[in-house]
Amino acid sequence: MTLPATSLAIGVPGSGGWRQQFARPTGVLGEIAGHLMAMRNKQRSWWVLPLLEIHDQDRVLEVGFGSGMDIRRVSEMAVDGHVAGVDHSEVMLKQARRRNQAGIQAGRVDLQLASASRLPYADGSFDKAFSINVAHFWEDALTPVQEMHRVLREGGRIAIAVQPRTQGTNERTAREMGKMLLENLKQAGFQQVRLESKKMKPVSVVCALGVK
Ligand SMILES: C[S@@+](CC[C@H](N)C(=O)[O-])C[C@H]1O[C@@H](n2cnc3c(N)ncnc32)[C@H](O)[C@@H]1O
């Protein structure tokens, strides 16, 4: 599968279908999709999150938090820090808030309904920013990366990981996505850009890393 230059989007249907429920979960099916994410994505998350080198006092942003499991994991890593997240699905916002009730009540976690293309934060607000299995839904994959660059402080780190899972995707799709993620990080102004990958089933995960 060959992908267009700046878009990583791989065949998101306009409406309906399970894939749409992972791109923007809605209703009861969306609720179920969230629980599936919580159950199935643990191994991938535990490979990606250490790549960010999260410290106790870090302010961390997740773009596309889905079930909210990674928000919870990160809030247990940045124990004296702050964790923020955005997702454009109301169903996921409610589910993720339920999973992070303690952190929210303690004022250490803040989750909002927002688009990756328009992050509701001031410039330089975060030390780390990440996104896992969201970038392949972005028709315009550069704007969200530019937004993540804007809200990171100088020296802040980014990680954007994708594990293509749609029917027909394979190792080559993963490699091509990795290349485009790297290109977008460079275009957005990140330095020390590099790609990591990890063999997983059904297809490898690729993760582009960079420093502002
Ligand atoms: C496949 S799920 C992955 C969730 C989680 N990161 C994980 O790995 O389990 C993708 C999530 O990203 C959200 N999302 C997709 N595109 C988005 C966008 N442009 N802005 C905000 N959220 C988005 C979806 O609503 C969904 O919750």
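The numbers here are math on the coordinates, done by the rules we state, and not lab data. These figures come from a predicted structure and were not determined experimentally. With ideal geometry, Cβ positions are generated from the backbone for all residues, glycine too; neighbour counts draw on all protein chains shown.
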Fill in: Number of Lys pairs (Cα under 29 Å; 8 or more positions apart or on different chains) in the chain
25
Worksheet entry | Residues Val145, Val79, Val206, Val162, sorted so that the one with the fewest Cβ neighbours within 10 Å comes first | Val79, Val206, Val162, Val145
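May I ask you to sort Trp18, Trp47, Trp138 by Cβ crowding, counting other Cβ atoms within 10 Å and putting the fewest first?
Trp18, Trp47, Trp138
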Discussion item. Please report the antiparallel percentage of DSSP beta bridges with both residues in the chain, rounded to the nearest 5.
Written reply: 40
Practice prompt. Go ahead and estimate [θ] at 222 nm for the chain from helices alone: -39,500 (n - 2.57) per DSSP H run with n ≥ 4, summed, over the residue count, rounded to 500.
Written response: -11000 deg cm²/dmol
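Return a whole-number percent for the relative contact order of the chain, with Cα pairs under 8 Å and 6 or more residues apart as the contact set.
Working: 436 pairs, mean separation 43.2, N = 212.
It comes to 20 percent, rounded to a whole number.
Return Lys199, Lys128 ranked ascending by Cβ neighbour count within 10 Å, so the fewest neighbours appear first. Write down the numbers at each step before the final one.
On the way: Lys199 9, Lys128 25.
With the sparsest Cβ surroundings first, the list reads Lys199, Lys128.
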Response to the item:
Taking only the alpha carbons of the chain, the radius of gyration and the largest Cα-Cα distance, Dmax, both in angstrom, are 15.7, 46
Worksheet item: Residue farthest toward the positive end of the dipole of the range 17-211, with Cβ of Lys/Arg at +1 and Asp/Glu at -1: which of Val86, Ala96, Ala174?
Response: Ala174
